[in-house]
Amino acid sequence: MLFLPFLKQFDNYWENHFIMNLHEYQGKEILNNFGVEIQRGIVAKTPAEAVEAAKRLTIDTGTSWHVIKAQIHAGGRGKGGGVKLAKNLQEVEQIANQIIGMNLITPQTGDEGKKVNQVLITEDVYYPGDSEPNEFYISVLLNRATGKNMIMYSTEGGMDIETVAKKTPHLIFTEEIDPVMGILPFQTRRIAFNLGLSGKAFKQMTLFVTNLYTAYIKSDASLFEINPVLKTSDDRVIAVDAKVTLDDNALFRHKDYIALRDIREENPIEVEAKAAGLNYVDLNGNVGCMVNGAGLAMATMDLIKQAGGEPANFLDVGGSADAERVESAFKIILKDPNVKAILVNIFGGIVRCDRVAQGIIDAYKNIGTIDVPIIVRLQGTNADIAKELIDKSGLDVYSAVEFQEAADIVQEVLS
Ligand code: GDP
Ligand code: MN
């Protein structure tokens, strides 16, 4: 049973940590570079810039109407009032003024919402004469069950795909891509066919999907989600939205993508931890943990669950666990107001336990007041000496050598 929560935690860790989310405008730029037709736009940080952008777009695309789109790392912006149509330059200015700086709450931001720092001004690609614009959903992502990338697509674009999956699952199709062969013509034709297309639109869709898949592979992405993909009445196929997630372990191959990171959109404690060289993921529980090694950190989170707690974070301080790192780790953990206890679980292999214990004591004294109990479990070289150091330190720190002992103490301090 120890294994199940372990996997669940790992999922959380994986999903939050090895990815870098992009803004819509950045995702569209990548798509454009790979020949995917996009709804064209220009980013603006002020209403004046928005008007300039709109004028530019009218010259470049011939559009007379514009769409103002809040740029935040969350979907569902339309529903929250973050996507609006402007029919003249005055409206562009008004709407930009209203959206820039607003706290946008969407079904994906949580109740606290997200501050809008910039907007994308785009051409209007929904022709006024189009009584029924054709909106599709198309994404590329990894199917973890088979280990292959797949195209997931649906005729029901423009709305929340989770809702489509729940209410009309038969309207979601998938096409798995062989990693060696890549996407094949019969597959892109099948997609265009299932989307009900024919003639020029059919051809455009096969090109769209081929280029989209290439963009996904070449940029080392873990997700490209285009919702909606619009088919216009004159049979163009256009990416109207773009949610792109890159694999940040592959960023070394894409030096130019590193600048696309917008840390204003990320969890501030995680950003700070990253700067301190700590591997930290914020979770929702009440027991903070500090561990050396990712595997042990995962096992420690299981231990906390078994003891009746919930981990407040994942934190790998790395192999050395020296006094400086321990101190910055304590400071990071203590920023989370939900933390009711801290479990330190260190295995002394290369690093000696007594040195870690001394580091903990020094860090504790340096920080001054730590008003939650700390349970320290040190195992490995010189574990006994370490325990003695902690026990004699006179601080509010409980020591343990065995895993179970530590769990029991956690249970005790929580109750
Ligand atoms: P999301 O709500 O965060 O997914 O943002 P989207 O980029 O998907 O935009 C939301 C909705 O705005 C789309 O589903 C469209 O219905 C609408 N929209 C986007 N672009 C245009 C446009 O050029 N013209 C018009 N009239 N509507 C648009
Ligand atoms: Mn969308």
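Numbers at a glance
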{"item": "Unique match (being in a strand (DSSP E or B) and charged (D, E, K, R)) among E112, E135", "result": "E135"}
{"item": "Only one of T206, T188, T174 that is free of Cβ contacts under 8 Å to residues at least 40 places away in the same chain, among the hydroxyl-bearing types (S, T, Y) and touching an Asp or Glu at 6+ places or on another chain (Cβ under 9 Å)", "result": "T188"}
{"item": "Strands (runs of 3 or more DSSP E) enclosed by segment 296-415 - at least 1 residues per element that are out of contact with any Phe, Trp or Tyr (no Cβ under 9 Å at 6 or more places or on another chain) and buried (at least 21 other Cβ atoms within 10 Å of the Cβ)", "result": "341-348, 397-400"}
{"item": "K335 under 33 Å from the mean Cα position of the chain (by Cα) and at pLDDT 90 or above", "result": "yes"}
{"item": "Residues within segment 316-329 that are modelled with pLDDT of 80 or more and under 10 Å from V344 (Cβ atoms), tallied", "result": "3"}
{"item": "Options L223, L207, L251, L230: the member that is part of a helix (DSSP H, G or I), at pLDDT 95 or above and not acidic (D, E)", "result": "L207"}
{"item": "Residue that is surrounded by the fewest Cβ atoms within 10 Å (Cβ to Cβ), among those in segment 131-185 that are among the acidic types (D, E) and within 15 Å of ligand 2 (Cβ to nearest atom)", "result": "E162"}
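For (1) modelled with pLDDT under 95; (2) assigned by TED's automatic domain parsing to the domain that holds L246; (3) open to solvent by 60 Å² or more (accessible area, probe 1.4 Å), each residue gets a yes or a no:
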| residue | (1), (2), (3) |
| --- | --- |
| F6 | yes, no, no |
| M20 | yes, yes, no |
| N32 | no, yes, yes |
| E49 | no, no, yes |
| K55 | no, no, yes |
| H66 | no, no, no |
| V83 | no, no, no |
| N88 | no, no, yes |
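The values are calculated or read from the model by the stated rules, or taken from the named source; none is laboratory data. Keep in mind the model is a prediction, meaning the values are calculated, not measured. Positions of Cβ are generated from backbone atoms using ideal geometry, with glycine treated the same way; all protein chains shown enter the neighbour counts. For the accessible areas, the whole protein counts, side chains as well, though only heavy atoms, and no ligand, DNA or RNA atoms are used. Shrake-Rupley method; radii C 1.70, N 1.55, O 1.52, S 1.80 Å.
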